[in-house]
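For reference, the structure discussed in these notes is given below.
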Amino acid sequence: MHYVENPPNPWLTHSVEWLGEPPEAKLEVFEETETRGIIAHNDSPDVGFDFTVNCYRGCIHGCTYCFSRPTHEYLGYGAGTDFDRKIVVKVKAPELLRKELMKPSWRGDEIVFSFTSDPYVPLESHYKLTRQCLEICAEFRNPVGVITKSALIRRDIDVLQELTREASLGVFFTIPFTDRESARAVEPFAPLPDARFHAMADLAAAGIKVGIGIAPVIPGLSSDIPVLLKRAKEAGATHAFINMLRLPGSVAPYFEERLREKLPTKAERILNRIREARGGKMNSSMFGERMRGKGQYWEATEHLFRIHCERLGFNKKREHVSGSRSTFRRPSAQGNLFS
């Protein structure tokens with residue numbers, strides 16, 4: 001049974017302590033109708049893109065390490081199971097995206113789906129918000145990037161092919177592990193690694209550029225980088241990246257609690273390795289350091305990644321250019337009439 005376990009919300013002036021067992025955490029869906037904007041600007045130098053669209057708040061995949069968990073605290077929820085089970089759906093996302101792409105100030109920079117939630121959470125099969133937004137980007141020929149863990153993306157191969165033809169597109173599947181035990185321990189409700197590799201292969205076979213994100217790398221737990229890269233290459237991937245585990249704010253205690261629960265014999269070693277790679281701390285919030293580690297472990301990890309990327313031919317040339325403006329076009333009234 002999955003119980004409500006949330007670290008204290010630093011933005012609230014009160015807290016709740018359950019007498020006895022807390023209630024079972026059940027999925028709750030909230031439709032947000034007052035969203036003012038949908039394109040978010042990223043000002044972090046650690047992230048390789050500037051603009052994102054998030055159609056959902058929270059993520060049913062339940063990854064215990066997700067750095068986005070504290071964003072739920074701004075809504076008055078917790079960063080623990082609330083993030084997994086209280087999902088906010090931005091039902092006006094497609095409408096807002098069209099309005100923002102029509103603004104003279106928008107210049108056709110790459111838009112990445114998504115950053116704070118997976119664009120293909122299971123609810124997407126019903127709401128189809130990500131698909132509608134991708135269709136609008138295709139209509140405007142706006143460059144797109146997609147980052148996901150979900151095999152549901154195969155539903156939208158037709159739209160992704162259109163974006164590949166008319167603009168530019170890159171799809172990255174984040175796959176940090178190959179074995180089920182590790183995946184289920186820290187990504188309890190996400191599709192299994194095999195499902196992600198199968199989806200990657202299907203997209204590549206359809207002519208769509210795909211890559212793998214080995215993210216996050218969890219010191220002491222991540223041990224199969226060469227195998228991940230080899231499987232990604234076999235599935236048709238041409239690009240790859242790695243990121244170090246981030247545990248901001250309330251994420252650290254929640255991650256540690258779940259780690260000790262699911263991997264009790266490995267937890268202490270993993271936590272010690274994380275501290276070694278973070279200069280004695282569990283997290284670094286400094287720009288330029290947040291996505292990378294320190295010390296011998298991280299240097300060895302980066303070296304291993306580079307060697308196998310070179311051996312397998314990853315990242316040979318930058319085919320997907322962030323910020324490309326050459327394809328962006330606003331549809332004219334005449335164009336819409338005859339389309």
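Tabulated results
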read-out: Some residue of segment 307-317 being exposed (fewer than 14 other Cβ atoms within 10 Å of the Cβ), of a type in the set (A, V, I, L, M) and modelled with pLDDT of 95 or more; value: yes
read-out: Selection within segment 234-245 - in a loop (DSSP other than H, G, I, E, B) and surrounded by 23 or more Cβ atoms within 10 Å (Cβ to Cβ); value: Ala237, Leu245
read-out: Qualifying residue in segment 267-283 (condition: at pLDDT below 95, among the charged types (D, E, K, R), in a loop (DSSP other than H, G, I, E, B) and buried (at least 20 other Cβ atoms within 10 Å of the Cβ)); value: yes
read-out: Helices (runs of 4 or more DSSP H) wholly inside segment 115-233 containing at least 2 residues that are over 27 Å from Thr81 (Cα atoms) and either in contact with a strand residue (DSSP E or B) (Cβ under 9 Å, 6 or more places away or on another chain) or of a type in the set (A, V, I, L, M, F, W, C) (or both); value: 129-140, 157-166, 193-205
read-out: Residue check for Ala252: without any contact (Cβ under 8 Å) to a residue 40 or more places away in the chain and either surrounded by 20 or more Cβ atoms within 10 Å (Cβ to Cβ) or within 20 Å of the chain's Cα centre (by Cα) (or both); value: yes
read-out: Pairs where the first residue, in segment 166-186, is more than 27 Å from Phe49 (Cβ to Cβ) and in contact (Cβ under 8 Å) with a residue 12 or more places away in the chain and the second is surrounded by fewer than 21 Cβ atoms within 10 Å (Cβ to Cβ) and not charged (D, E, K, R), C-beta under 7 Å, 6+ apart; value: Arg180/Leu192; Ala185/Leu263
read-out: Answer from Phe51, Phe115 - the residue that is under 15 Å from the mean Cα position of the chain (by Cα) and within 18 Å of Pro216 (Cα to Cα); value: Phe115
read-out: Per-region count, segment 284-302, residues within 24 Å of the chain's Cα centre (by Cα), of a type in the set (A, V, I, L, M, F, W, C) and assigned to a helix (DSSP H, G or I); value: 1
read-out: Residue that is farthest from the chain's Cα centre (by Cα), among those in segment 190-222 that are closer than 19 Å to Leu263 by Cα and in contact (Cβ under 8 Å) with a residue 60 or more places away in the chain; value: Pro219
read-out: Residue in segment 199-207 that is crowded, with 22+ Cβ neighbours inside 10 Å, small (Gly, Ala, Ser) and more than 30 Å from Glu276 (Cα to Cα) present; value: yes
read-out: Any chance Glu139 is crowded, with 24+ Cβ neighbours inside 10 Å, charged (D, E, K, R) and in contact (Cβ under 8 Å) with a residue 60 or more places away in the chain; value: no
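For (1) within 28 Å of Phe49 (Cα to Cα); (2) among the small types (Gly, Ala, Ser); (3) at pLDDT 95 or above, each residue gets a yes or a no:
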position: Leu228; (1), (2), (3): yes, no, yes
position: Arg231; (1), (2), (3): yes, no, yes
position: Leu247; (1), (2), (3): yes, no, yes
position: Phe287; (1), (2), (3): yes, no, no
position: Arg292; (1), (2), (3): yes, no, no
position: Ser339; (1), (2), (3): no, yes, no
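The values are calculated or read from the model by the stated rules, or taken from the named source; none is laboratory data. In this text the structure is predicted, and so the values were computed from the model without any measurement. Here Cβ is always computed from backbone atoms with ideal geometry, including for glycine, and neighbour counts include all displayed protein chains.
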